[in-house]
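Here's the structure we're looking at; comments come further down.
The values are calculated or read from the model by the stated rules, or taken from the named source; none is laboratory data. All figures in this text were calculated on a predicted structure; none of them were measured in a lab. Every residue, glycine as well, gets a Cβ built from its backbone with ideal geometry; the counts of neighbours run over all protein chains shown. Just the protein is used for accessible areas: all its heavy atoms, side chains included, with ligands, DNA and RNA removed. Shrake-Rupley method; radii C 1.70, N 1.55, O 1.52, S 1.80 Å.
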Amino acid sequence: MILIDTHTHLYSEEFKNDRDEMIQRALDQNVKQFFVPAIDTTYFEAMMNVKKRFPEVVHLMMGLHPCSVKPESYQTELDFVLNELQTGNYVAVGEIGVDLFWDKSTLEIQQEAFQKQIQWSKQFNLPINIHCRDAFAETFEVLEKERGNLSGIFHCFTGTIDDAHQAIDLGLKLGIGGVVTFKNGKIDQFLNEIPLEHLVLETDSPYLAPAPYRGKRNESSYVNLVAQKLAEVYKLSVEEIAQQTTNNALEVFKKSVIS
């Protein structure tokens, strides 16, 4: 059985004291590949260090997180993203999108940065990894403008079944993480109406730990708990969930070399 964590912040300060051990725990739990999203330039060195430490199993994305889209710096940050994408060292453009939970005043430039990075994903033939918080309408507004030749993952999907259908219709997979195990997570109520071929597994570690670890530090080994919950939802074995979601992830990240 092979599992893939399609979204994990392995470079996070939360792991500074036990990063190697945490990654080894995941490997021991059959989590064999880790896809790591970018945030902004302040995390770049830490992200590269993780890649150097685990070059065979860690795959990097490059992008500007919507919460880092600030009027005074986002153009410089976007220049950095473009320069890095031109190196060919990345497997996706992400995480990118719209976040209105923290700051609604930057909506316009968030959408501008999001659309520009989607266009770069097409230019470089890379999938996108989408962050959306309190902003489904605003996120879909940009995605619909770029409809056609889209691929990627709607990370940490927490929308309605209508949102799910719209994302799938745009050519995107749904990233399912710890929220599916929450009593008030809601998505578990309709997920079985979505064919499993449209889902991938993720943790978003160190955030959003699944039950029974909710509220504590998340880590990539817990992708197993997400797989177990999906096995309950779909009435399949964990092995069947693992096989299908791993195949789905490989379909998204075509440029990655996965053994």
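Taking the DSSP beta bridges with both ends in the chain, the antiparallel portion is around 0 percent. Helix-only arithmetic for the chain: the sum of -39500 (n - 2.57) across DSSP H runs with n ≥ 4, divided by the residue total, places the mean residue ellipticity at 222 nm at -11500 deg cm²/dmol. Among the trypsin sites (Lys or Arg not before Pro) in region 20-113, those placed in a DSSP loop whose Cβ has at most 14 other Cβ atoms within 10 Å are LYS104. For the chain, what % of the accessible area comes from carbon and sulfur atoms, probe 1.4 Å? Its accessible area is 47 percent carbon and sulfur atoms. Scalar couplings 3J(HN,Hα) for region 183-189, obtained by applying the Karplus form with A = 6.51, B = -1.76, C = 1.60 to θ = phi - 60°, are 4, 10, x, 6, 5, 5, 6 Hz; x denotes Gly and Pro. Under a 5 Å amide H cut-off, with hydrogens placed 1.01 Å from N, ARG214 pairs with nothing among residues at least 5 apart or on other chains.
The residues of region 14-81 expose on average 49 square angstrom of accessible surface per residue, using a 1.4 Å probe on protein heavy atoms.
Within the set [x] 137; [y] 126; [z] 116, the number that volume of the Cα convex hull per residue in Å³ takes when calculated for this structure is listed as [z].
Figure the gain on full extension for PHE190 and LYS122 (residue separation times 0.36 nm, minus the Cα-Cα span) and round it to one decimal in nm. Mind showing how you got there, number by number?
Working: separation 68, 0.36 × 68 = 24.48 nm, distance 3.13 nm.
Here the answer is 21.3 nm.
Note on ILE109 and ARG217: the model spin-label points, each 7 Å out from Cα along the C-beta direction, lie 3.3 nm apart. Distance from the Cα centroid of region 174-214 to that of region 112-170 is 18 Å (rounded to whole angstrom). What do you get for GluC sites (Glu not before Pro) in region 71-161 restricted to DSSP loop and a cutoff of at most 12 other Cβ within 10 Å of the site's Cβ? Those that pass, being in a loop and sparsely packed, are GLU72.
Amide H to amide H distances under 5 Å link VAL69 with no residue, where only residues 5 or more positions off or on other chains count and H is placed in the peptide plane.
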